[in-house]
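Step one of this worksheet: look at the structure below.
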Amino acid sequence: MYTESQRKPSGRKSGGQKGHQGSTRLQSENVTGVERWYPAAVCPQCGKPLDMDAAKVFDHLQMQVKCSCGHCCKGQFPENVNAPVSYGPNIMAMTSYLSTYQNVPFKRLTHLYETIFGLHMSEGSVSNMLNAMRKLSKTPYEMIRQRVAGGKVAGSDETGVNVGGKNNWFWTFQNEVVTYIAFDKSRGHEVVNKHFSQEEQGGMVWVTDRWPTYFMDEVGMDDHQICIAHLLRNLTYTMQAFPDDAWSLDMLDLLRDSVHQRNQGNIGTEVRIKMEERLDELLARPPIYTSEDGKDTALDKLKKSIAKHKDHVFTFLTNPDVPPTNNDSENRPAKTKLKVSGCFRSETGVENYATVASIIQTAVKNGQNPFEVLRVITTLVLA
């Protein structure tokens, strides 16, 4: 009930719509390739043609062949490649991208490399590359956190994650340009204080659900916007569970009207005051339903929760930087990862995911190629 979609059907057929400008595939002007290093076409000793058929190394391909005269010709690697088997920036970036963003499990990933590229890689090698990528990404990961801390608005949400059969938490802190994901065993206020100082927390508006952590005195979040989408889902449930009480429907109308005013650009103190007056009238309305045991009904609990946070329902009507919902924080690709893989096996693995996913989701937000961003990170650090 609580997750029922608020989206209304348009009645149109799926696919492209008339009047919408389309686009065609265009040839990119910047086509790049991977350098591959081959031996000479002929034996430098006797001049005979060489039949080259042996591959040794990714992402740089080394070939070697033995001439009939006995001389063994080997391809030359770049100076920074000094091992018989080397996984360079391209393979590290691709492995991180496929595992983290495309949610390819280790076993399938190694099978893909062997099937498509003829590259024999163990699951341990995949794990080692993800460990290395997390370490290489330490600086950009911290830069993302700083961009969240320095913004005017931040959305936050937490979601459960299974690690070795035990429940832990992914915390998402994000704004329009960056997404910072952190792993922790706790869902308490100490996690927020661990990643953001009191000064950083107080310098922005926080868009969240009504989870008590965000409103504790120990946390330095001074200004809030509670998620309207959460309230709409809750009200849809209470409207169906208590059909004879019009309160839920009237509250739905109020919230939708407030969002409509925002979308029409009709914002300001006057509009917010009117909406808050309507909210006060609704909260003062006596209930129709009462429980037999005298305890609060689900509708009573919802009313009390809204009344507790009523000063933070319409912040978005006076601050144009504040969105009415926290939907961006609730974009949870980790759930897809868990559905595919079942769980994370270790804390190291889940920390790898949090770091790399932060970089990838930030790249996507900024219209960047996430694979290329990861490749650049490994190239710059390993150079």
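Just one of the listed residues (Met129, Met121) is under 21 Å from Ser346 (Cα atoms), touching an Asp or Glu at 6+ places or on another chain (Cβ under 8 Å) and not β-branched (Val, Ile, Thr), and it is Met121. Checking each residue in the stretch 151-167 for being touching a residue at least 24 places away in the same chain (Cβ under 8 Å), in a strand (DSSP E or B), among the charged types (D, E, K, R) and out of contact with any helix residue (DSSP H, G or I) (no Cβ under 7 Å at 6 or more places or on another chain) picks out only Glu158.
Conditions tested, residue by residue: (1) outside the structural domain of Asp244 (by TED's automatic domain parsing); (2) at pLDDT below 95; (3) outside any loop (DSSP other than H, G, I, E, B).
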residue	(1), (2), (3)
Glu281	no, no, yes
Pro287	no, yes, no
Thr290	no, yes, no
Gly294	no, yes, no
Val340	yes, yes, yes
Val356	yes, no, yes
Ile377	yes, yes, yes
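Does the stretch 303-319 contain any residue that is in contact (Cβ under 8 Å) with a residue 60 or more places away in the chain, of a type in the set (Phe, Trp, Tyr) and closer than 26 Å to Leu136 by Cβ? Looking for residues that are in contact (Cβ under 8 Å) with a residue 60 or more places away in the chain, of a type in the set (Phe, Trp, Tyr) and closer than 26 Å to Leu136 by Cβ, one finds none in the stretch 303-319, hence no. Evaluating Arg134 against the criteria (1) charged (D, E, K, R); (2) farther than 28 Å from Met221 by Cβ; (3) surrounded by fewer than 14 Cβ atoms within 10 Å (Cβ to Cβ) leaves one unmet condition, (3).
Among the criteria (1) farther than 20 Å from Asp280 by Cα; (2) assigned by TED's automatic domain parsing to the domain that holds His309; (3) of a type in the set (A, V, I, L, M, F, W, C), the one Trp247 does not fulfil is (1). Look at the stretch 187-200: where a residue is over 9 Å from Gly220 (Cα atoms) and a partner is not aliphatic (A, V, I, L, M) and not in a helix (DSSP H, G or I), sitting 6+ places away or on another chain with Cβ atoms under 6 Å, you get Arg187/Glu158; Arg187/Trp169; His189/Glu218; Val191/Trp171; Val191/Asp184.
The values are calculated or read from the model by the stated rules, or taken from the named source; none is laboratory data. From a predicted model like this one, the values you see are computed outputs, not experimental measurements. Here Cβ is always computed from backbone atoms with ideal geometry, including for glycine, and neighbour counts include all displayed protein chains.
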